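Read through the structure below, which is laid out as structure tokens, and then see the notes.
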Amino acid sequence: MIGNYLIRRATGLAILAAVIATCWCSAHAQTPEPKHTQAPAPKPAQSPEPKPAQIDRNGVLILIRSTLLALDQANKTGNYTVLRDLGAPAFQTNTAARLAEIFAKLRNDDLDLSGVAVIDPQLSLLPQIEANGQMHMTGFFPSVPTQVNFDLLFAPVAGQWKLFGMSVLIGHTAPVPPEAEAPPVAAERPPPVASPKPTLPPGIKQPQKQP
């Protein structure tokens, strides 16, 4: 009887161990592995597109001409204080000495910009408001023989447009004459060859000309 009891106990322990193992495997198989989900990266904010500036033609001419004429006076006098004071606060961070260094080439070339007072500019970029709120325009004065190219930025200050940045370049627009072609070389003509005089048969004399 003791043997049968030990056999039944061993069998029961074996069955219990099998049930525990089955339950553990089942639980382990059904436990989902944690998934690492990555949140989508935020899209960079798109800067607004430039939009046309609400300014009339006269206002544009005043800004362009007053700026370039102030630069012309500064180049002629060597005093850039007035040009500096006409700018926006950010432009005024440049000292007068620094502005003199920036425009040294125009000053040394002794360029006269006074013609911009009577010549109408041609705009290659109409006035537009950039993403930072500044007004941007580019163009040129088609003066002859020198073309004045400008790139201007204005910032709003107390309800007025003040100079924020400027670039002035000089380009020549005078037509370049074509190179003179060398005159054609006259072909040398061979000297005329004298035709031989006809010879008369023997016994025949040349007739004499009648006077």
- Convert each backbone phi in the stretch 149-166 into a coupling constant with the Karplus relation 6.51 cos²θ - 1.76 cosθ + 1.60 (shift: θ = phi - 60°), then list the ³J(HN,Hα) values in order as whole Hz, x for Gly and Pro. 9, 9, 9, 10, 10, 10, 10, x, 9, 6, x, 10, 8, 10, 5, 10, x, 8
- Note on the structure: Most exposed first, judged by fewest Cβ atoms within 10 angstrom, Val148, Val82, Val168 run Val82, Val168, Val148
- Using 18 Å as the cut-off for backbone N distance, which residues of the stretch 47-62 belong to the label zone defined by a point 7 Å from the Cα of Leu126 along Cα→Cβ? 49-62
- Task: For the stretch 53-172, calculate the relative contact order in percent as a whole number, restricting contacts to Cα pairs under 8 Å that are 6 or more residues apart.
- Result: 21 percent
- Distance between modelled label sites at Asp112 and Leu169, nm, 7 Å Cα→Cβ extension: 2.6 nm
- Task: Please work out whether the stretch 83-173 counts as rounded, prolate or oblate from its C-alpha gyration tensor, where a ≥ b ≥ c are the square roots of the eigenvalues and a/c under 1.5 means rounded, while otherwise a/b larger than b/c means prolate and anything else oblate?
- Result: oblate
- Message: Could you derive backbone 3J(HN,Hα) for the stretch 88-99 from the dihedral phi with the Karplus parameters 6.51, -1.76 and 1.60 (θ = phi - 60°), listing whole Hz in sequence and x where the residue is Gly or Pro?
- Response: 6, x, 5, 6, 6, 5, 6, 6, 4, 5, 5, 5
- Message: When a/c reaches 1.5 or more, the comparison of a/b and b/c decides; with that in mind, is the stretch 57-99 rounded, prolate or oblate per its Cα gyration tensor?
- Response: oblate
- Let me know the charge dipole size of the stretch 53-172 about its Cα centre in debye, to the nearest 20, where only the beta-carbon of Lys, Arg (+1) and Asp, Glu (-1) is charged. 180 debye
- Total charge of the residues flanking Gly59 in space, meaning their Cβ is under 15 Å from its Cβ, with Lys and Arg +1 and Asp and Glu -1, is +1
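Bear in mind these aren't lab numbers, they're just calculated from the coordinates by the rules spelled out. Note that the coordinates shown come from a computational prediction; the quantities given were computed from them, not determined experimentally. Methodologically, a virtual Cβ is constructed for each residue, glycine included, from the backbone with ideal geometry; neighbour enumeration extends over all protein chains shown.
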